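First comes the structure, then the notes that go with it.
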Amino acid sequence: MALVALRLPLTRKYLNANVPADVVSEIGDDRLLSLSMTVGTVLFFLVYAVIIALYFSLAALLDKRVIPGKSVLAGRFNIGAFFVIAILVTIPVNLFSVVFGVIQPRDVPGYWAYFPAMAVLSLAIFHRHWRGFSTGRKFLVVLSAIDLSTFVAIG
């Protein structure tokens, strides 16, 4: 969420630059326009926080139901394949946006290929946890991983 908070000034600047002229003339007051942009930006942040919480909850549910095996990280933390996918598709994209000042990462070449690639990478890392599954369940694992990763790209 810190990376999203760091993106807020860039988002606000982008929104201010793209306000239609008829809206500016209809509002009439620059302070009121600035206030509405501030309220919109804060609401965006709050809604985004709820969506990310739901997204990580979905990843936890998939970790529990689809691939129950988990790996231990640093001897203390149990993490699953879907949690790794959720981390790999949210944090690097927001970090890229903050570092390079890109308001819309969708315009960057390779954006659409990045998300399925992270799903495949995570599944390769956790292959020993699901390699013994039946063919149908393997198909479910791969499909769930690609779906989870592309939710972020689409949304």
Along Cα→Cβ, 7 Å out, is where each label goes; now give me the distance between the ones at residue 49 and residue 10 in nm to one decimal. 2.1
How much length, in nm to one decimal, is gained on full extension between residue 56 and residue 77, taken as 0.36 nm per residue of separation minus their Cα-Cα distance? 6.0 nm
Which ³J(HN,Hα) values in Hz, rounded to whole numbers, follow from the phi angles of segment 142-155 under the Karplus curve 6.51 cos²θ - 1.76 cosθ + 1.60, where θ = phi - 60° and Gly and Pro get x? 5, 4, 5, 5, 5, 4, 4, 6, 7, 4, 5, 5, 6, x
To make sure I understand the rule: partners must be lysines, Cα under 29 Å from the Cα of residue 138, and not fewer than 8 residues away in the same chain. Which ones qualify? 64, 70
Quick check: the distance between the Cα centres of segment 21-68 and segment 102-155, to the nearest angstrom? 24
Mind listing the phi-derived Karplus ³J(HN,Hα) values for segment 15-27, rounded to whole Hz, using 6.51, -1.76 and 1.60 with θ = phi - 60°, and x for any glycine or proline? 5, 4, 6, 10, 6, x, 4, 5, 5, 4, 5, 5, 6
Extension reserve of the residue 64-residue 128 stretch, reckoned as 0.36 nm per residue once the Cα distance is removed: 21.4 nm
Residue by residue, what Karplus-based ³J(HN,Hα) values in Hz, rounded to whole numbers, does segment 42-57 have, using 6.51, -1.76 and 1.60 with θ = phi - 60° and x for Gly and Pro? 5, 5, 4, 4, 5, 5, 4, 4, 5, 5, 5, 4, 5, 5, 5, 5
Taking every other residue with Cβ under 15 Å from the Cβ of residue 139 and scoring Lys and Arg +1, Asp and Glu -1, one gets +2
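Read-outs throughout are calculated quantities, based only on the coordinates presented, and are distinct from any laboratory measurement. Every value quoted in this text rests on a predicted model; they were computed, and no experiment measured them. Counting neighbours? That spans all protein chains shown, and the Cβs are built from the backbone with ideal geometry, glycine included.
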